[in-house]
Every structure is written in C-alpha cells, then in structure tokens.
Amino acid sequence: QDREEQDRYRGGRNFRGHWAGLEAGFNNYLHVASMTLPEEIAYMSLDASKSNCFNLNFSQVNIGFSRHIGIVTGLGVTFNNYRFENQNSIVEGQDGTISGLIPIDVSVKKSKFSTLYLNVPIMLEAQIPAGYSHRLNVAAGVIGGLKLNAWTKIVLENGEKNRVNGDYNLNLLRGGVTARIGYGNFMIYGSYYLTPWFQDLKGPNGYNLEPFEIGLAFTFND
C-alpha cells in the first residue's frame, strides 16, 4: 500500500497538462443562445470569417493526481477582434447604452471592436494512450477573464484610420466554460462565456451578448 502511494505521488509530480502555448481561432457572440441578433442591434452583426482571436498562454501550473490525470491552471492573454459586417461602428450613447455609429459623409472600408483580457483557467485533464509516444488529451473546466482594454477601429476607403479606446460598458470580470481535445501538443479548444459581458442594461440597446471562441492551439507542456 505504501509503495502504491509513493508511485502515485511520483506520478502526480510528473503530470504535465496542456495550457501554456499559442492559440488562434475565430470568435463571435450569441444573444439568448442564438446567433440571430434582434433587429434593433443588427449593427452588432459580424463578418464571422474575419472575426478572429489570438491567445498567448504564458504561465502554467500542474497539480497531478497521477502521471496522466490532474488539474491545470495558469495565466494567459486573449486578443479578440469582432469585425462588423456593415459600415458602422459602436459608441456609448447619450442614455449610457451602446448604440450603432454610422460615420457621416465617409465610406467605411472596415470596422471592428476589439478586447484584451487576462485569463485564468481551472481544468481537469486526462491523457489517454494513443500511439507509441503520444497521448490523446482531453480537458474541461472553467475560465475567468479580467478586462485589460477595449477599443474600436475604423478604416476609411481613403486609408484614414480612427481608433477609440474605452470601456464600452463591459464588465471588468467575465467567466465561462472551456474545453479542449488534442493529440500530443496540438489541440482544438473552445470557450463560452456565461456571465454578463456588458453592464446591466448598458449593452447594445440594453441587450446582453455572450461571447465565444473556437480555434487551434499548440502547447508547450514538456
């Protein structure tokens, strides 16, 4: 019995999860679990193919229960671009809510809303033998975010650029669920944020949106 406990302890110390690394993918948002937005906030509609994210997970902590099962946590930053489908931007309106902004007498080439968050996940990961030296890795858990910055950017047809920083009524903190599956150091991941993204009744026309992202990850767990 003592020998088994010692082996389990040594195995736990050797557990290495899959978080630290680089991630890239696409992001979007839902309204009441639907990608169809109410007509009043059609200005928030996105060009999904050009709404992307890039994440750098620079710190990782492993808590092993055995060599191939454990808890993974750490720190990372996520940079989200939400590219608007129409020739508009957004602004905080006179009533304090987010509203659409259509530039006057100019032609918009592209417009986007961007955010930067510091992320902390807590995931349970299991590593399953698959092949000679690699394993199938499956992890799921919760993820929290701290807003670092938010801004809009408009590029006009004449090349002029206009960037406006602000908080855009976003809550300072957000939380959600995250999961990933992969082979070796290559993963497919997804995150869905469940807590209110915008402050109460201060989102687009008073509505709230639920952001999510999905993409590919290359991790450094060795």
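Summary table
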{"quantity": "Number of positions in the stretch 171-192 that are open to solvent by less than 50 Å² (accessible area, probe 1.4 Å), closer than 15 Å to PRO121 by Cβ and either without any contact (Cβ under 8 Å) to a residue 60 or more places away in the chain or under 12 Å from the mean Cα position of the chain (by Cα) (or both)", "calculated": "8"}
{"quantity": "Strands (runs of 3 or more DSSP E) contained entirely in the stretch 41-116, each with at least 1 residues that are out of contact with any Phe, Trp or Tyr (no Cβ under 9 Å at 6 or more places or on another chain)", "calculated": "52-64"}
{"quantity": "Of all residues in the stretch 13-39 being open to solvent by 10 Å² or more (accessible area, probe 1.4 Å) and over 23 Å from THR195 (Cβ atoms), the one that is modelled with the lowest pLDDT", "calculated": "ARG13"}
{"quantity": "Members of the stretch 81-129 that are closer than 18 Å to ILE41 by Cβ, aliphatic (A, V, I, L, M) and open to solvent by 60 Å² or more (accessible area, probe 1.4 Å)", "calculated": "LEU101, ILE102"}
{"quantity": "Test set (1) of a type outside the set (Lys, Arg); (2) farther than 30 Å from LEU172 by Cβ; (3) at pLDDT 95 or above - LEU124 fails condition number", "calculated": "(2)"}
{"quantity": "Failed criterion for THR195 (all others in (1) within 19 Å of the chain's Cα centre (by Cα); (2) buried (at least 16 other Cβ atoms within 10 Å of the Cβ); (3) assigned to a loop (DSSP other than H, G, I, E, B) hold)", "calculated": "(2)"}
{"quantity": "Residue selected from the stretch 178-208 under the condition at pLDDT 95 or above and of a type in the set (A, V, I, L, M), by the criterion farthest from PRO129 (Cα to Cα)", "calculated": "LEU194"}
{"quantity": "Looking only at the stretch 43-71, and only at residues there that are of a type in the set (Ser, Thr, Tyr) and in contact with a strand residue (DSSP E or B) (Cβ under 9 Å, 6 or more places away or on another chain), the one that is surrounded by the fewest Cβ atoms within 10 Å (Cβ to Cβ)", "calculated": "SER49"}
{"quantity": "Subset of the stretch 141-155 (residues that are over 19 Å from VAL77 (Cα atoms) and open to solvent by less than 20 Å² (accessible area, probe 1.4 Å))", "calculated": "ILE154, VAL155"}
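The values are calculated or read from the model by the stated rules, or taken from the named source; none is laboratory data. In this text the structure is predicted, and so the values were computed from the model without any measurement. Glycine also receives a Cβ, built like all others from the backbone with ideal geometry; neighbour counts cover every protein chain displayed. SASA here: full protein model, heavy atoms, side chains in, ligands and nucleic acids out. Shrake-Rupley method; radii C 1.70, N 1.55, O 1.52, S 1.80 Å.
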